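Student: Below are the structure tokens for one structure; questions will follow.
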Amino acid sequence: MSEKISPVRMCIVCKSRLSQESLYRFQVKDGVLKPFDKNGRSFYICKICIDGNQHKLIKTLNSRYGLNLSYVSADSEILKEILLNG
Ligand SMILES: [Zn+2]
């Protein structure tokens, strides 16, 4: 009865189904990638995708959300920052 069940969500990059705890929640607002602020639509990215090769991550975000992120600019730093603070 007291068993804790963590909801399962899918990482949009690698399509892995993981417990919500091992995923980071983001949103795109006005074309900008942000941590989810509990308003509007959101999506999940797993720790492995954020920490690992970001080419696929950036590519997925760009094509899916019409963004123009670049992994050589500060955009990937945003992800790292979220990872550290969130
Ligand atoms: Zn992933």
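Student: Report, by chain and number, residues whose modeled amide H sits under 5 Å from the one on S16, excluding near sequence neighbours (fewer than 5 apart, same chain).
Tutor: C11
Student: How far apart, in nm, are two points set 7 Å out from the Cα along the Cα-to-Cβ line at R64 and at E81?
Tutor: Taking the simple label geometry, R64 and E81 are separated by 2.1 nm.
Student: With each pseudo-label sitting 7 Å past Cα toward Cβ, what's the K47-K29 distance in nm, one decimal?
Tutor: If labels sit at K47 and K29, their model points lie 2.6 nm apart.
Student: Let me ask you something else. So which lysines can K29 reach, going by Cα to Cα under 26 Å and dropping same-chain residues fewer than 8 places off?
Tutor: By straight Cα distance, K29 reaches K15, K38, K47, K56, K59, K80.
Student: Can you compute 3J(HN,Hα) from phi for each residue in region 16-23, using the Karplus curve 6.51 cos²θ - 1.76 cosθ + 1.60 with θ = phi - 60°, rounded to whole Hz and x for Gly and Pro?
Tutor: Values per residue, Gly and Pro as x: 6, 9, 9, 5, 3, 5, 9, 10 Hz.
Student: Using θ = phi - 60° and the Karplus relation 6.51 cos²θ - 1.76 cosθ + 1.60, list the HN-Hα couplings for region 25-36 in order, rounded to whole Hz, with x at every Gly or Pro.
Tutor: Per residue, the Karplus-derived 3J(HN,Hα) values read 9, 10, 8, 10, 10, 6, x, 10, 6, 9, x, 5 Hz.
Bear in mind these aren't lab numbers, they're just calculated from the coordinates by the rules spelled out. What you see is a predicted model, and the numbers here were worked out from it, not measured in a lab. For neighbour counting, all protein chains shown are included, and Cβ atoms are generated from backbone atoms with ideal geometry for every residue, glycine included.
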